[in-house]
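Since the structure comes first, as structure tokens, the remarks are kept for the end.
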Amino acid sequence: MSQQVQDPAQASRKQQILAEAEAAGVKFLRLQFTDILGVIKNVEVPDRQFAAALDGKVMFDGSSIEGFVRIEESDMFLTPDLSTFRIFPWTDPSGEKVARLICDITNPDGTGFAGCPRQTLKRAIEQARSRGFTMSAGPEAEFFLFQTRDDEPTTETHDAAGYFDLTPVDQGEDVRRQIVLMLEQMGFEVEASHHEAAWGQHEIDFRHDDVLTAADNVSTFRFVVKNVARRNGVHATFMPKPVFGVNGSGMHTHQSLARDGVNAFHDPDGPFELSRTCMNYIGGLLQHAEAFCAITNPLVNSYKRLVPGYEAPTHIAWSERNRSPLIRIPAPRGAATRIELRMPDPSCNPYLAFAAMLRAGLDGIDNDLDPGAPVSKNIFKMSQRERRSLRIDELPHNLDAALDQLERSALMRDTMGDHIFEHFIEAKRREWFEYLQQVSAWEIQRYLKVY
């Protein structure tokens, strides 16, 4: 049986939440969690069950959730993180106020469940803390807004705008503003919002935070964007490449480590003012990029984005400013020194993706991995011979190749744990096999008349 937390601060926070919910007239509480593929799930309880929910007494059947447990061991408990209590700034269709808590998944005996992605990230955070580091992350999740027809999404855009365009060309401006307002009411500190490169494509940037909060924020962000879009009669998608011939949606992830509250990536006397810790961290990301690509880019469709010509990285290299390699170093230094990993896309499970990045970077620090010299030339315009001479490798070309690399990685297995590692690969192999069986419109157009 899940045990109540006896800590006085926790008990006080529970009372605050109950009082806040009652004062706001909250009728329902969503206990939110994610499956191993990063899809948000929830168990909703009415107000008379709020106290039990805060004590971690709400149980659910885990046998129906992707990659969780067998039918004979299905009982799971939801243990809420009380710091994540938020009241949604809208009402449900019946006019009732709804709140949410993000939860960890625990076994009936109170121990952490091996298939909980949030606890996977927590383990990586503890490994960083044991080395004296804390990680901050600032993800930039891009998305498309498409028109709907008969309440079904299409890939028809609502505008014909490009980078930073304004209304009347950018008709999504009002929707973005509504999203920003909702996010701010949910506790986000939004820094900027703008139209992206492709028609109907958008980006909203929120402040970097500790990596666990950043992962929680990505899940919340995707939920809010989709909700506001639907209320405006359009469909929001974080699918990496929904339209052929235009830029796909990435989730460039800015990241840094701190030690004793001081940015560990900055060294005023180091090359490019980067510390040895930062260089080793980059080395770790480069060393393991092929292995964690299936985690940060988990869909068949993800690899339609990772192709030359659309600003997404395809090669494993780093640069101080050049945007064609996998990693670039933004200009700010001092406390703002950070690296930007450009390969992830917003379909990933943020808990697993951030855990994989952190463990790869820590492995680079542990083993003093040298990232080599930065690449200043445009990699896309290099010949194969030039890339080979500089030892610039490529990212996997498809999900199947990425899974092969993941399956061989002892570090990623240790990061995810056997349970998630094996269930994730099984689910993704199944996805790839289903894709291979499909006959696409391109094949019909290309082959039907000729052969």
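Please go through the range 325-360 and pick out each residue that is open to solvent by less than 10 Å² (accessible area, probe 1.4 Å), over 26 Å from R413 (Cβ atoms) and not in a strand (DSSP E or B).
If the condition is that a residue be open to solvent by less than 10 Å² (accessible area, probe 1.4 Å), over 26 Å from R413 (Cβ atoms) and not in a strand (DSSP E or B), then P325, I329, P330, T337 are the ones that fit.
Condition first: in contact with a strand residue (DSSP E or B) (Cβ under 6 Å, 6 or more places away or on another chain) and aliphatic (A, V, I, L, M). Now tell me which residues in the range 114-148 satisfy that. Before the answer, list the steps.
If we filter the range 114-148 for residues that are in contact with a strand residue (DSSP E or B) (Cβ under 6 Å, 6 or more places away or on another chain), which is where we start, we get 116-119, 128, 132-148.
Hits for the range 114-148 are A128, M135, A137, A141, L145.
Residues V190, V262, V211: which one is surrounded by 23 or more Cβ atoms within 10 Å (Cβ to Cβ) and closer than 30 Å to F133 by Cα?
Values: V190 fails: surrounded by 23 or more Cβ atoms within 10 Å (Cβ to Cβ); V262 fails: surrounded by 23 or more Cβ atoms within 10 Å (Cβ to Cβ).
That would be V211, the only listed residue that is surrounded by 23 or more Cβ atoms within 10 Å (Cβ to Cβ) and closer than 30 Å to F133 by Cα.
Of the residues that make up the range 155-166, is at least one at pLDDT 85 or above and touching a helix residue (DSSP H, G or I) at 6+ places or on another chain (Cβ under 9 Å)?
Of the range 155-166, the ones at pLDDT 85 or above are 155-156.
Among the residues that remain, those that are also touching a helix residue (DSSP H, G or I) at 6+ places or on another chain (Cβ under 9 Å) are: none.
No, that holds for no residue.
Here are D404, D368, D400: which of them is surrounded by fewer than 22 Cβ atoms within 10 Å (Cβ to Cβ), in contact with a helix residue (DSSP H, G or I) (Cβ under 7 Å, 6 or more places away or on another chain) and in a helix (DSSP H, G or I)?
Going through D404, D368, D400 in turn, the sole match is D400.
Search the range 41-59 for residues that are within 14 Å of I102 (Cα to Cα) and pair each with any residue that is open to solvent by less than 70 Å² (accessible area, probe 1.4 Å) and assigned to a loop (DSSP other than H, G, I, E, B) when their beta-carbon atoms are under 7 Å apart and the residues are at least 6 apart or on different chains.
Note: pairs meeting the criteria are K41/D35; K41/I65; V43/V58; V45/V58; G56/S2.
I'd like the full set of residues that are among the β-branched types (V, I, T) and over 28 Å from M382 (Cβ atoms), limited to the range 262-299. Write out each step before concluding.
Narrowing the range 262-299 to residues among the β-branched types (V, I, T): 262, 277, 282, 295-296.
Within the range 262-299, V262, T277 qualify.
If N232 meets every condition in (1) over 17 Å from the mean Cα position of the chain (by Cα); (2) open to solvent by 30 Å² or more (accessible area, probe 1.4 Å); (3) touching a residue at least 60 places away in the same chain (Cβ under 8 Å) apart from one, which number is that one?
Of (1) over 17 Å from the mean Cα position of the chain (by Cα); (2) open to solvent by 30 Å² or more (accessible area, probe 1.4 Å); (3) touching a residue at least 60 places away in the same chain (Cβ under 8 Å), only one is false for N232: (3).
Of the residues in the range 286-315, how many are without any contact (Cβ under 8 Å) to a residue 60 or more places away in the chain and either more than 30 Å from W199 (Cα to Cα) or of a type in the set (G, A, S) (or both)?
Of the residues in the range 286-315, 0 are without any contact (Cβ under 8 Å) to a residue 60 or more places away in the chain and either more than 30 Å from W199 (Cα to Cα) or of a type in the set (G, A, S) (or both).
Quick check on G283: is it under 30 Å from L390 (Cβ atoms), free of Cβ contacts under 8 Å to residues at least 24 places away in the same chain and open to solvent by less than 20 Å² (accessible area, probe 1.4 Å)?
Working: under 30 Å from L390 (Cβ atoms): yes; free of Cβ contacts under 8 Å to residues at least 24 places away in the same chain: no; open to solvent by less than 20 Å² (accessible area, probe 1.4 Å): yes.
For G283, the condition - under 30 Å from L390 (Cβ atoms), free of Cβ contacts under 8 Å to residues at least 24 places away in the same chain and open to solvent by less than 20 Å² (accessible area, probe 1.4 Å) - is not met.
Return the residues of the range 414-440 that are part of a helix (DSSP H, G or I), open to solvent by 80 Å² or more (accessible area, probe 1.4 Å) and hydrophobic (A, V, I, L, M, F, W, C); say none if nothing qualifies.
F433, L436
One line per residue, one yes/no per condition, for (1) open to solvent by 10 Å² or more (accessible area, probe 1.4 Å); (2) within 30 Å of P330 (Cα to Cα); (3) out of contact with any His (no Cβ under 8 Å at 6 or more places or on another chain):
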{"site": "R86", "(1), (2), (3)": "yes, no, yes"}
{"site": "W90", "(1), (2), (3)": "yes, no, yes"}
{"site": "P93", "(1), (2), (3)": "yes, no, yes"}
{"site": "I102", "(1), (2), (3)": "no, no, yes"}
{"site": "G112", "(1), (2), (3)": "yes, no, yes"}
{"site": "G115", "(1), (2), (3)": "no, no, no"}
{"site": "G132", "(1), (2), (3)": "yes, yes, yes"}
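So how many residues does the range 78-104 have that are over 18 Å from K122 (Cα atoms), part of a strand (DSSP E or B) and not polar (S, T, N, Q)? Before the answer, list the steps.
Applying the first criterion (over 18 Å from K122 (Cα atoms)) to the range 78-104 yields 85-100.
From what's left, part of a strand (DSSP E or B): 86-91, 97-100.
Now drop any that are not not polar (S, T, N, Q), which leaves 86-90, 97-100.
The total comes to 9.
Identify, from the list Q185, Q201, the residue that is polar (S, T, N, Q), in contact with a Pro (Cβ under 8 Å, 6 or more places away or on another chain) and touching a residue at least 40 places away in the same chain (Cβ under 8 Å).
When all the criteria are applied, what remains is Q185.
Determine which member of the set G95, G112 is free of Cβ contacts under 8 Å to residues at least 40 places away in the same chain and in contact with a helix residue (DSSP H, G or I) (Cβ under 7 Å, 6 or more places away or on another chain). Break it down into steps so the answer makes sense when it comes.
Values: G95 fails: in contact with a helix residue (DSSP H, G or I) (Cβ under 7 Å, 6 or more places away or on another chain).
Within the list G95, G112, the selection yields G112.
If you check E311 against the conditions, is it of a type outside the set (K, R), touching a His at 6+ places or on another chain (Cβ under 6 Å) and either part of a strand (DSSP E or B) or open to solvent by 20 Å² or more (accessible area, probe 1.4 Å) (or both)? Step through it out loud before you land on a result.
Values: of a type outside the set (K, R): yes; touching a His at 6+ places or on another chain (Cβ under 6 Å): no; either part of a strand (DSSP E or B) or open to solvent by 20 Å² or more (accessible area, probe 1.4 Å) (or both): yes.
No.
Mind checking whether some residue in the range 293-306 is of a type in the set (G, A, S) and assigned to a loop (DSSP other than H, G, I, E, B)?
no
Please enumerate the residues belonging to the range 327-363 that are without any contact (Cβ under 8 Å) to a residue 24 or more places away in the chain and charged (D, E, K, R). Please lay out each step first, then the result.
Step one: filter the range 327-363 for residues without any contact (Cβ under 8 Å) to a residue 24 or more places away in the chain, giving 328, 331-332.
The one that is without any contact (Cβ under 8 Å) to a residue 24 or more places away in the chain and charged (D, E, K, R): R328.
The values are calculated or read from the model by the stated rules, or taken from the named source; none is laboratory data. Bear in mind that the values here come from a model prediction, so they are computed numbers and not experimental data. We place every Cβ from the backbone using ideal geometry, glycine too, and count neighbours over all the protein chains shown. To get the accessible areas, we keep the full protein, side chains included, count just its heavy atoms, and leave off ligands, DNA and RNA. Shrake-Rupley method; radii C 1.70, N 1.55, O 1.52, S 1.80 Å.
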